Amino acid sequence: MQQTSYVERRARIEHYFDRTAPHVWARLTSDAPVSGIRATVRAGRDRMRATLLGWLPADLHGARILDAGCGTGALSVEAARRGAEVVAVDLSPTLVKLAEERLPADLGFGRVTFHAGDMLDAALGEFDHVVGMDSLIHYEPADVVRALTALAPRTRHSMLFTFAPRTPALAAMHAVGKLFPRGDRAPAIVPVAEATLREALQGAPGLAGWHAARTSRIASGFYTSQAMELACGA
């Protein structure tokens, strides 16, 4: 998958998370005090992470998980504590280094291997489940479908991902456009209506045999994101 729109947006995302504002995300994903706006984002992300983890089996011994866009590794750690072998990848080497530094020494039978690079890299191997928490929200819907299509042949059971739902509240936030100071504002997200995304996924030839299952929207102040589960088989 080398579509220009995906590659160009990926470069912007990498620049932001690796060079522009890694300190912001390091603080946001810690337990350090943050502003009121960022506190709502932190709370929303915590709820979303819990939702996605809740859609994975409670016992992950023997399972191989891709944490696509792992950031500072919180989801990877929780999956590993259930026994999973987690491959955690992020575009930002800076955040990957921080994730490695934060990795607990004792994960029981699980383990986490971190990589800096593209979540679609076929060299990462095959997986039982793929989780992409807020890692596709910056891409156009067509690129989201292409990304999932690229991951599907290497995934056995489920792909869990989030998208930015097209809602009046989210549109208003974008109209204001000042969620963070200009110097560390994240790349724009791309809102999409759930019905539009479902139709695109259903019509994708590379996703034959996959179907949209569970979905859940998390809204917490300045954080709005929607989780969707693509399941393989009936």
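The values are calculated or read from the model by the stated rules, or taken from the named source; none is laboratory data. This structure is a prediction, so every number in the text was calculated from the model and none was measured. Using ideal geometry, Cβ is built from the backbone for each residue, glycine included, and neighbour counts are taken over all protein chains shown. Note: areas computed on protein heavy atoms with side chains; ligands, DNA, RNA excluded. Shrake-Rupley method; radii C 1.70, N 1.55, O 1.52, S 1.80 Å.
What number of residues within region 86-107 are without any contact (Cβ under 8 Å) to a residue 60 or more places away in the chain, outside any helix (DSSP H, G or I) and buried (at least 20 other Cβ atoms within 10 Å of the Cβ)?
Kept after step one, since they are without any contact (Cβ under 8 Å) to a residue 60 or more places away in the chain, are these residues of region 86-107: 86-89, 96-97, 99-107.
Subsequent filtering for residues that are outside any helix (DSSP H, G or I) retains 86-89, 103-107.
Now restrict to residues that are buried (at least 20 other Cβ atoms within 10 Å of the Cβ): 86-89.
Here the count works out to 4.
Within region 18-44, the set of residues being modelled with pLDDT of 90 or more, touching a Ser or Thr at 6+ places or on another chain (Cβ under 6 Å) and either under 17 Å from G117 (Cβ atoms) or β-branched (V, I, T) (or both) comprises T29, T40.
Has region 65-73 got any residue that is of a type in the set (G, A, S), touching a residue at least 12 places away in the same chain (Cβ under 8 Å) and open to solvent by less than 10 Å² (accessible area, probe 1.4 Å)? Reasoning before the result, please.
Of region 65-73, the ones of a type in the set (G, A, S) are 68-69, 71, 73.
Retained after the next criterion (residues that are touching a residue at least 12 places away in the same chain (Cβ under 8 Å)): 68-69, 71, 73.
Filter again for open to solvent by less than 10 Å² (accessible area, probe 1.4 Å), leaving 68, 73.
Yes, there is a match, as at least one residue in region 65-73 is of a type in the set (G, A, S), touching a residue at least 12 places away in the same chain (Cβ under 8 Å) and open to solvent by less than 10 Å² (accessible area, probe 1.4 Å).
The residues of region 191-215 that are closer than 14 Å to T167 by Cβ and in contact (Cβ under 8 Å) with a residue 24 or more places away in the chain, listed by number, are P191, V192, A193, E194, T196, L197.
Just one residue in the set L66, L75, L52 is within 12 Å of the chain's Cα centre (by Cα) and under 19 Å from A219 (Cβ atoms); that residue is L52.
Anything in region 106-121 that is within 18 Å of the chain's Cα centre (by Cα) and over 20 Å from L160 (Cβ atoms)? List them, or say none.
Residues satisfying the conditions are A116, G117.
When region 163-179 is examined, which residues are found to be closer than 22 Å to T20 by Cβ and either surrounded by fewer than 16 Cβ atoms within 10 Å (Cβ to Cβ) or at pLDDT 75 or above (or both)? Once the filter is applied, which keeps residues that are closer than 22 Å to T20 by Cβ and either surrounded by fewer than 16 Cβ atoms within 10 Å (Cβ to Cβ) or at pLDDT 75 or above (or both), region 163-179 yields A164, H174, V176, G177, K178, L179.
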